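Below: one structure, written as structure tokens.
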Amino acid sequence: MGCPASKHADTKANRIARWRSTGIVALRDSKLKTFPDEIFDLDRSVRTLDLTHNRIADIPLEMGKLINLQRLVLADNLIESLSVHLGKLQSLKIMILDGNRITSLPDELGQLVKLEQLSISGNLLTCLPMTIGSLRSLTLLNVSSNKLKYLPESIGSCFSLEELQANDNLIEDLPSSVCNLSRLKSLCLDNNEVELIPLNLLKDCKALQNISLHNNPISVDQFQQMDGFEEFEARRRKKFDKQIDSNVMISSKGLDEGVDV
């Protein structure tokens, strides 16, 4: 009777040793309802934590111990809220929280100054915290499939942002501060309630190559009459031509040429 227990202990010990040596804790599809306690015993050793597709509802306070964590993936769980202790994860670069039940983000999100990618699509967010503007290293923000009615003015301070995905929300307009996003290349707002976008968007966002506004009240004519449209169109065509020259695969729908209204 002692052998199975011994074998189990040995397997667990080996697993923990592997986590410690690699810095990677991957427990996808493990039917977990809580974070395994042994993860927090590793504290500084953990650099990647992936608990995708489990049944986790709460993020424990001990999460703040993982101060060297760089990649956190908690997609497809049952999480409703995020701990304020999340702000202690000062090394975090990538955070993926898609497919949960999160209704709000804590102000402490703004303390994650090294964060480069934040994906929180398929949740129940009605707003984003003003502190999101403190994420000066953020290059990708995906907030698609939530219940957002607007984006905060502070988003214009995310100066490194290159891709903003906010499809399938209830957004009616954009803050004028988005014109400050000089590195923005792609803006996706399909299936919203957008009637207007800032008049100087195309003129000021000189890196912008793709705008997708399918199923919004805004018209093509409105878009084409904006200052900077010709320059934007030239960038879009250059990108499109480069894709053709590179012999990229073209789907049955063809290439997205970058202007979708």
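Simple point charges give the picture: +1 on the Cβ of Lys and Arg, -1 on the Cβ of Asp and Glu, and for region 28-69 a dipole about the Cα centre of about 160 debye. Straight Cα distances below 30 angstrom link residue 238 to the lysines 185, 203, 206, 253, with same-chain residues fewer than 8 positions distant left out.
Applying 1/(1 + (r/R0)^6) with R0 = 25 Å to the Cβ-Cβ distance of residue 195 and residue 160 gives a FRET efficiency near 0.30.
Each Lys and Arg Cβ is given +1 and each Asp and Glu Cβ -1; about its Cα centre, region 142-198 then shows a dipole of about 200 debye. Taking a Cβ cut-off of under 10 Å around residue 218, the surrounding Lys, Arg, Asp and Glu residues balance to a net charge of -4, with basic ones at +1 and acidic ones at -1. Exposure check, 1.4 Å probe, all protein chains in place: residue 178 carries approximately 10 Å² of accessible surface.
What Kirkwood hydrodynamic radius, in Å, does region 162-219 give when the mean of 1/r is taken over all pairs of distinct Cα atoms and then inverted? So the Kirkwood estimate lands at 11.3 Å.
Normalised by the number of residues in the chain, what is the relative contact order in percent for Cα pairs under 8 Å and 6+ residues apart? For the chain, the relative contact order is 9 percent. The HN-Hα couplings worked out from phi for region 163-168 by the Karplus form 6.51 cos²θ - 1.76 cosθ + 1.60 (θ = phi - 60°) are 9, 10, 10, 9, 5, 6 Hz, whole numbers, x standing for Gly and Pro. As a length-normalised measure over Cα pairs under 8 Å and 6 or more apart, the relative contact order of region 10-147 settles at 16 percent.
Once a ≥ b ≥ c are taken as the square roots of the eigenvalues of the Cα gyration tensor of region 80-218, is the result rounded (a/c under 1.5), prolate (a/b larger than b/c) or oblate (a/b not larger than b/c)? Here region 80-218 falls in the oblate category. A Förster distance of 35 Å, applied to the separation of the beta-carbon atoms of residue 20 and residue 214, puts the FRET efficiency at 0.15.
Assuming charge only on the beta carbon of Lys and Arg (+1) and of Asp and Glu (-1), the dipole of the chain about its Cα centre is about 1320 debye to the nearest 20.
Global size of region 27-118: 11.9, 32 Å for Rg and Dmax (C-alpha atoms, Rg to one decimal, Dmax whole). Remark: region 1-156 carries 49 Å² of accessible area per residue (probe radius 1.4 Å; ligands, DNA and RNA excluded).
The values are calculated or read from the model by the stated rules, or taken from the named source; none is laboratory data. As the structure is a prediction and not an experimental result, all values here were calculated from the model. Neighbour counts are summed over all protein chains in view; Cβ atoms, including those assigned to glycine, are modelled from backbone coordinates with ideal geometry. For accessibility, only protein heavy atoms count, side chains too; no ligands or nucleic acids. Shrake-Rupley method; radii C 1.70, N 1.55, O 1.52, S 1.80 Å.
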